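Undergrad: Dropping the structure in here first, questions after.
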Amino acid sequence: MKLLKQILGICSTQAPKDEGCWVNNGDHISVGLNRAKEILKPGGAVRLEGKGLPDRILLFQGLDGAFYAVKNKCTHIGGRRIDPTVDKDRITCCSVMGSVFNYKGEVVSGPAKKPLTTYPVTVDQGRILISLTKGQ
Ligand code: FES
């Protein structure tokens, strides 16, 4: 089953069950922590897509307890989505080739040569704020 998902490029991370937990404010995304239940534990993640976003984004809580946001598109030619790695501080492309990146978006292994775009994340008054203007 895992191989089939890799061949088809089906990632494990889903959109938030509560789609209303996040809004795109143009220069940043605001995510309500009390409604985005999926990211409340280390390794938890959601896909943020649509709502006028210029790129799809993976928001996840790292195993270190910090929140991270990256462009959810592998830099290898297939451009597949990324998932957090369950037991390591890594994120992994869902394709068969499975490029691996660290939380800074740097390539650790795989055919991808370029880093992922990362976005600054802050937490303020129960909301996660992802800056879209400072992605690098
Ligand atoms: S698309 Fe990610 S390794 Fe090929």
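Read the figures in this text as sums done on the coordinates, not as results from a lab. Please read all numbers here as calculations on a predicted model, not as lab measurements. Heads up, the Cβs are rebuilt from the backbone with ideal geometry, glycines too, and the neighbour counts pull from every protein chain shown.
Undergrad: Which numbered condition in (1) crowded, with 18+ Cβ neighbours inside 10 Å; (2) among the hydrophobic types (A, V, I, L, M, F, W, C); (3) more than 23 Å from residue 31 (Cα to Cα) is the only one that residue 97 fails?
TA: For residue 97, the failing item is (1).
Undergrad: Right, residue 83: out of contact with any Phe, Trp or Tyr (no Cβ under 9 Å at 6 or more places or on another chain) and either closer than 22 Å to residue 11 by Cα or crowded, with 18+ Cβ neighbours inside 10 Å (or both) or not?
TA: Spelling it out, it is not the case that residue 83 is out of contact with any Phe, Trp or Tyr (no Cβ under 9 Å at 6 or more places or on another chain) and either closer than 22 Å to residue 11 by Cα or crowded, with 18+ Cβ neighbours inside 10 Å (or both).
Undergrad: Between a first residue in the range 33-58 that is in contact (Cβ under 8 Å) with a residue 60 or more places away in the chain and a second residue that is surrounded by fewer than 13 Cβ atoms within 10 Å (Cβ to Cβ), which pairs have beta carbons less than 7 Å apart while being 6 or more apart in sequence or on different chains?
TA: Final answer for the pair search is 33/126; 34/126.
Undergrad: A follow-up question, please. Residues being under 24 Å from residue 80 (Cα atoms) and surrounded by 14 or more Cβ atoms within 10 Å (Cβ to Cβ): count how many of those fall in the range 32-49.
TA: Total satisfying the criteria: 10.
Undergrad: Determine the pairs where a residue that is within 21 Å of residue 65 (Cα to Cα), located within the range 76-96, has a partner that is assigned to a strand (DSSP E or B) and within 6 Å of the ligand (Cβ to nearest atom) with Cβ atoms under 6 Å apart, the partner being 6 or more residues away or on another chain.
TA: If the second residue must be assigned to a strand (DSSP E or B) and within 6 Å of the ligand (Cβ to nearest atom), the pairs left are 82/93.
Undergrad: Which one is nearest to residue 60 (Cα to Cα), of the residues in the range 111-128 that are assigned to a loop (DSSP other than H, G, I, E, B) and aliphatic (A, V, I, L, M)? Step through it out loud before you land on a result.
TA: Of the range 111-128, the ones assigned to a loop (DSSP other than H, G, I, E, B) are 111-117, 120, 125-126.
If we keep only those that are aliphatic (A, V, I, L, M) too, we end up with 112, 116.
Values: 112: 21, 116: 14 Å.
Checking each candidate, the answer is 116.
Undergrad: Quick test of your reading of the structure: residue 18 fulfils all but one of (1) more than 21 Å from residue 103 (Cα to Cα); (2) surrounded by 19 or more Cβ atoms within 10 Å (Cβ to Cβ); (3) of a type in the set (Asp, Glu). Name the failing condition by number.
TA: Every listed condition holds for residue 18 apart from (2).
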